[in-house]
């Protein structure tokens, strides 16, 4: 069910299903600017069909013992490992990132699936004798139909943040992938079917705003997760919760890397360069702002050397669209106009043989002031804005003033200073000498402030709370001679 090069259909009830909408849009290969498929802009009618298929499958799937549900995902993990190269190539084709980055994405999907296979042990019911002859126990139950809306930047990984955990816990799902990168989700649907997932447990509905609104509004959907921009995350969270759904919506970021004078020069330079340019800067954990504390010019010089070794088409992928390229370059031009200094300029990048591709080279901008647009807004490209601070506390004021809160990092050889920054930075994920502080399973992924709306996190142990509900039972079988308030 690899739909590359074709007109895509929805995946509902275990089968490819034509969309009710007549309108389709092209799916482009960002590295070449060429069309590779077309995707339908489905309607609320398609969402309703998917909900009906999911609800029909829920009774049997939720009644299946959790250890048997986990076995499906052991097989799914094995299939992802078997087809890892193919899955990575598909990500590269529709997203434009480098093949190694795409493979890393698939490997993370395998890791989160492996975690989901441990759910039988993690969700074993709790029981305690709370009084003589009286027991209390807690068991976890699935919610029902859940919806997941995923972005363009990780076509394989972000769907797998939710698919394994939610389904092993007994839920059924409707996935709405980004209309810019729909191919990976269709391949995942095929692998899930091959792994033995019953029809209707997992469904894919393609589309744009109408599908998102229908998922928020549909009374048959119990919970919804979203990953995307903060502007849309706020809209989705407000709309979904207004219909009394659970919602967890992850938004954008403006991650600050605070660099102290004692930081290890090479490690810092290479980490910061990799963080700002990896996946062409199109990730919510990218370093987009560096706060230089005191005299770190030697590190900035080395950083620029590292950035110049990152070459579009060679070890730097494309950005998602022509519109994205123009928007990113506009941020750079505005910063220069406002008085910032361009140390490394990635504008107007062209890759030989792929002249139609959407490339922006690595860009390092110094002397950025905190009030500048490039210092405040998410650029989502391989661009680093450097701000200057006299002290660590000044740097923390800049970081804390940022409305987002996904990640923050500090580069130093001082343990006490590292702890000082880690305790005071207003972010949900902290790095110490690490440019991309993404937690590994079982630690969960999730930010603070305007980077997340809703309680809990989307992966790891925290996802159990979101995708299930506890049932508490109090039990007494035998009368006791000694009576107290519990009995």
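Coordinate-derived values only; no laboratory data. Note that the structure is a prediction, hence the values are computed from the model and not measured. Neighbour counts run over all protein chains shown; Cβ positions are idealised from the backbone, glycine included.
Put simply, the C-alpha atoms of segment 136-271 give a gyration tensor, and the ellipsoid matching it has half-axes of 31, 19, 18 Å, longest first. The shape of segment 238-362 comes out oblate: with a ≥ b ≥ c from the C-alpha gyration tensor, a/c is at least 1.5 while a/b does not beat b/c.
Most tightly packed first, judged by the mean number of other beta-carbon atoms within 10 Å of their residues, the peptides 445-452, 395-402 read 445-452, 395-402. Kirkwood hydrodynamic radius of segment 183-254, from the reciprocal of the average inverse Cα-Cα distance over all distinct pairs: 13.6 Å.
If you wrap segment 91-141's Cα atoms in a convex hull and average its projection over all directions, what's the area in nm²?
Averaging across all directions leaves 5.2 nm² for the Cα convex hull.
Cα-based values for segment 1-154, radius of gyration first and Dmax second, are 20.3, 72 Å.
Summary of the geometry: segment 54-120 and segment 324-401, compared by the centres of their Cα atoms, lie 35 Å apart.
Residue order for 249, 304, fewest other beta carbons within 10 angstrom first, comes to 304, 249. For segment 209-292, the spherically averaged projection of the C-alpha convex hull amounts to 6.9 nm².
Computed from Cα atoms, the angle from the helix 84-95 axis to the main principal axis of the chain rounds to 60 degrees. Overall shape: oblate for segment 297-357, with the ratio a/c of the largest to smallest alpha carbon gyration tensor axis at 1.5 or above and b/c at least equal to a/b.
Of all beta bridges that DSSP places with both ends in the chain, some 40 percent have antiparallel geometry. Inter-label distance, residue 334 to residue 432: 3.7 nm, where each label sits 7 Å from its Cα along the C-beta direction. Ordered by the count of other Cβ atoms within 10 Å of each Cβ, fewest first, 420, 359, 331, 76 give 420, 331, 359, 76.
Among beta bridges identified by DSSP and lying wholly in segment 111-213, the antiparallel ones come to about 40 percent. At q = 0.24, 0.31, 0.34 Å⁻¹, work out log10 I(q)/I(0) for segment 215-258 with the Debye formula, treating every Cα as an identical point scatterer and leaving solvent out; two decimals please. Once normalised to I(0) and log-transformed, intensities are -0.73, -1.04, -1.17.
In percent, rounded to a whole number, the relative contact order of the chain is 18, using alpha-carbon pairs under 8 Å and six or more apart.
For segment 9-52, the fraction of alpha-carbon pairs lying more than 17 Å apart is 41 percent, rounded to a whole number.
Which value results for Rg/Rh of segment 306-412 when Rg is the Cα radius of gyration and Rh the Kirkwood radius based on the inverse mean 1/r?
That ratio is 1.00, to two decimals.
Taking the chain as the reference, fit the longest principal axis to its C-alpha atoms, fit the long axis of helix 183-194 to the helix C-alpha atoms, and give the angle between the two in degrees, 0 to 90, nearest 10. Tilt of helix 183-194: around 30 degrees.
State, to one decimal in nm², a quarter of the convex hull surface area for the C-alpha atoms of the chain, i.e. the direction-averaged projected area.
Projected over every direction and averaged, the Cα hull of the chain covers 25.1 nm².
Its DSSP H runs of at least 4 residues, each contributing -39,500 (n - 2.57), put the calculated 222 nm mean residue ellipticity of the chain at -12000 deg cm²/dmol, to the nearest 500.
Just order 47-53, 251-257 by mean Cβ neighbour count inside 10 Å, highest at the front, would you? Working shown, then result.
On the way: 47-53: 23.3, 251-257: 27.6.
Going by the mean number of other Cβ atoms within 10 Å, highest first, we get 251-257, 47-53.
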